[in-house]
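Comments concern the structure below.
The values are calculated or read from the model by the stated rules, or taken from the named source; none is laboratory data. Keep in mind it's a predicted model, so treat the numbers as computed, not measured. In this analysis, Cβ positions are derived from the backbone assuming ideal geometry, glycine residues included, and neighbour counts consider all displayed protein chains. The area values use the complete protein model at the heavy-atom level, side chains included, leaving out ligands, DNA and RNA. Shrake-Rupley method; radii C 1.70, N 1.55, O 1.52, S 1.80 Å.
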Amino acid sequence: MMTNTKIEGLIAAAFCGLKEDGSINLDIIPALAERLIRDGVKGVFVCGTNGEGPSLTIEERMAIAETYVKAVNKRILVIVHVGHSSIEESAKLAAHAASIGADAISSVAAFYFKPANVQSLVHCMAKIAGAAPQLPFYYYHIPAITGISIDMLEFLRLSDDMIPNLAGIKYTAATIHEFQSCLNYKNGKFDILYGYDELLLPALSVGAKGAIGSTYSFAAPLYLKVMELFAEGNIEAARAEQYKCVEMIRILGKLSPIPTQKKILELAGLDLGPCRLPLVELNEDETGLLRNYLTQIQFFEHLEKAREEIVAYHK
């Protein structure tokens, strides 16, 4: 993957498998990788927010990344999130990702002592990206989590010369107008991947071609249907498909997003185990609420229908 290659399609932000004793479960990764490949994603984003990366040790993160690279075996992309509150640890993770054959790396800003301005952010990202200069680097913009809301257009301007392997931004924010500005910077020089699943259709409307999201790990066919309908110009049908996704996402906000999504995967037949503290898995009442809600909106029926249509479409 070269730095000027743009990703089209969906990248699944993969979840972390844990055993009941809290240790990482590497054995589940091949099954999850096969499921994602079957569902038509273009790649996996490893050890990010949904992979509970900030709650893992760097040794655990390295082991997970290496296992994904082996399981995927170049059939789809593996983007390794290397963000850490320590820039030095981020650099170690970046160098490791390059050594194991990952396709790209990405990093959030340091989230304890935070960059005070865009210049500081660029210097931090330059050090991380410079530890793996042969790999495309994506800055992971997620202000709702990091609390760092810096002008991303200015980030691109300053990074243009300072980060030679900058591929683009994983843009996880609702500011669609800024996202569009980044897409159009220097006639579309950078790969700007959209990160809010519930706003995929609006992002497509301003030019998005690729997206990274958590619910793509279990509902990719629904979103691929949105993308196909949009590409065909069937906007009304695309809206209807997007709304099926929005209905599902609404329950994530009512419960706890990451534990709820892992429970949905369990209900779909793939048990990834508990979450790592401070996240807590759903209790019985919450699981019952989730199951009833998904039944009410016919989520799994819609998903299976979309999966069948996607398979038929690509035959």
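How large is the accessible surface per residue of the chain, computed with a 1.4 Å probe and reported in Å² as a whole number?
43
Suppose the chain between Ile297 and Thr57 were pulled fully straight at 0.36 nm per residue; how much longer would it get relative to their current alpha carbon spacing?
Gain on extension, Ile297 to Thr57, equals 82.6 nm.
Once you place label points 7 Å from the Cα toward the Cβ at Lys254 and Asn187, how far apart are they in nm?
5.0
How far, in nm, would the chain grow between Ile235 and Ala268 when pulled straight, counting 0.36 nm per residue and subtracting the alpha carbon separation?
9.0 nm
Sorting His177, His302 by accessible area (1.4 Å probe), largest first, what list results?
Correct descending sequence by accessible area is His177, His302.
With a point put 7 Å past each Cα toward its Cβ, work out how far Gln180 is from Glu154 in nm, to one decimal.
The two pseudo-label positions are separated by 2.2 nm.
Considering only protein heavy atoms and a 1.4 Å probe, what is the carbon-and-sulfur percentage of the accessible area of the stretch 170-315?
52
Given (i) 123; (ii) 141; (iii) 171, which label gives volume of the Cα convex hull per residue in Å³ as computed from the coordinates?
Checking each listed value against the structure points to (i).
Mean separation of Cα pairs under 8 Å and 6+ residues apart, divided by the residue count of the chain: what relative contact order is that in percent?
19
Pairs Lys92/Lys127; Lys70/Lys209; Lys6/Lys189: which exceed 18 Å Cα-Cα?
Over 18 Å apart, Cα to Cα: Lys70/Lys209.
Using a Gaussian network model of the chain whose springs link C-alpha atoms within less than 10 Å, name the residue from Ser106, Ser90, Ser120 with the highest mean-square fluctuation.
Answer for the Gaussian network model of the chain: Ser120.
Once ligands and nucleic acids are excluded and a 1.4 Å probe is used, how much of Val108 is accessible, expressed in Å² to the nearest 10?
10
Under the rule a/c < 1.5 gives rounded, and otherwise a/b versus b/c splits prolate from oblate, where does the stretch 1-137 land using the Cα gyration tensor?
oblate
Arranged from highest to lowest average of other beta-carbon atoms within 10 Å per residue, in what order do the peptides 124-130, 294-300, 18-24 appear?
124-130, 294-300, 18-24
Could the peptides 76-86, 146-156 be put in order, highest first, of the mean number of other beta-carbon atoms found within 10 Å of their residues?
76-86, 146-156
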